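Asker: Structure incoming, see below.
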Amino acid sequence: MRNEIPKEIPRYTDLIVPTYKALQALDGSGNNEEILDRIIADLNLPDHVVDYPHKGSTSITELAYQAAWARTYLSKYGVITNSGRSVWAVTSEYSKGCELDGKKIVSAVVKAQHGKND
């Protein structure tokens with residue numbers, strides 16, 4: 001079923017770095033809507049990608065759903081923290097900016113959840 005999602009919609013692994021960059025551009029903190037708006041602008045995403053519904057939902061788009069997973073992985077990895085309802089902030093360790101790799105973050109989080117080491 002996941003194959004039904006248009007290929008041009010970025011997946012969460014592809015949104016990890018743009019999410020981090022969006023928060024950096026928002027002075028280290030932003031709410032879900034601000035972060036998503038910044039990602040859309042930074043990636044220059046067309047309306048049909050931005051507005052594509054998640055599994056037929058009228059309340060959330062596929063892009064917003066994927067962006068939520070990107071925030072989850074960034075949070076579990078320690079890059080961002082949920083500082084309030086729907087508000088995210090870059091942790092002090094990552095506040096100066098650094099190069100991140102979305103696939104490595106996902107892999108590290110999955111391994112940590114399964115109790116495995118590198």
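Asker: Computing the accessible area with a 1.4 Å probe over protein heavy atoms, can you report the carbon and sulfur percentage for the chain?
Answerer: Taking all protein chains in place, the chain shows 48 percent carbon and sulfur surface.
Asker: Further, regarding this structure: Taking the Cα centre of the range 1-64 as origin, work out the dipole magnitude from +1 charges on Lys and Arg Cβ and -1 charges on Asp and Glu Cβ, in debye rounded to 20.
Answerer: For the range 1-64, the charge dipole is close to 280 debye.
Asker: So which of LYS76/LYS103; LYS55/LYS76; LYS7/LYS96; LYS76/LYS96 end up more than 23 Å apart, counting from Cα to Cα?
Answerer: LYS55/LYS76; LYS7/LYS96
Asker: Right, next: In the chain, which longest range has no trypsin sites (Lys or Arg not before Pro) that are both DSSP loop (not H, G, I, E or B) and surrounded by at most 12 other Cβ atoms within 10 Å?
Answerer: Answer - 8-54.
Asker: Taking the chain as the reference, fit the longest principal axis to its C-alpha atoms, fit the long axis of helix 62-77 to the helix C-alpha atoms, and give the angle between the two in degrees, 0 to 90, nearest 10.
Answerer: Roughly 10 degrees between the two axes.
Asker: Another one. Restrict the search to the range 1-59; then list the GluC sites (Glu not before Pro) that DSSP places in a loop and that have at most 10 other Cβ atoms within 10 Å of their Cβ.
Answerer: GLU8
Asker: If you don't mind, another one. Compute the accessible area per residue over the chain, keeping the other protein chains in place, probe 1.4 Å, unit Å².
Answerer: Here the residues of the chain average 63 Å² of exposed surface.
Asker: Using modelled backbone amide H atoms (1.01 Å from N, in-plane), which distant-in-sequence or interchain residues come within less than 5 Å of ILE80's amide H?
Answerer: So ILE80 has HN proximity to SER75, THR91.
Asker: With N set to the residue count of the range 28-118, report its C-alpha Rg divided by 2.2 N^0.38 Å to two decimal places.
Answerer: 1.18
Asker: Still on this structure: I need to check one value: relative contact order of the chain, counting alpha carbon pairs closer than 8 Å and at least 6 residues apart, in percent.
Answerer: 31 percent
Asker: With charges only on Cβ, +1 for K and R and -1 for D and E, what is the dipole size of the chain about its Cα centre, in debye, rounded to 20?
Answerer: About 560 debye.
Asker: Now for a different question. How about LYS21: which aspartates and glutamates have a C-alpha closer than 13 Å to its C-alpha, ignoring those fewer than 8 places off in the same chain?
Answerer: The reachable aspartates and glutamates, counting only those whose Cα sits under 13 Å from LYS21, are GLU34, ASP37, ASP42, GLU99, ASP101.
Asker: When all protein chains stay in place, what accessible area (Å², nearest 10, 1.4 Å probe) is found for ILE35?
Answerer: 0 Å²
The values are calculated or read from the model by the stated rules, or taken from the named source; none is laboratory data. Computed from a predicted structure; not experimentally measured. Every residue, glycine as well, gets a Cβ built from its backbone with ideal geometry; the counts of neighbours run over all protein chains shown. Surface areas here come from the heavy atoms of the whole protein model, side chains and all, with no ligands, DNA or RNA. Shrake-Rupley method; radii C 1.70, N 1.55, O 1.52, S 1.80 Å.
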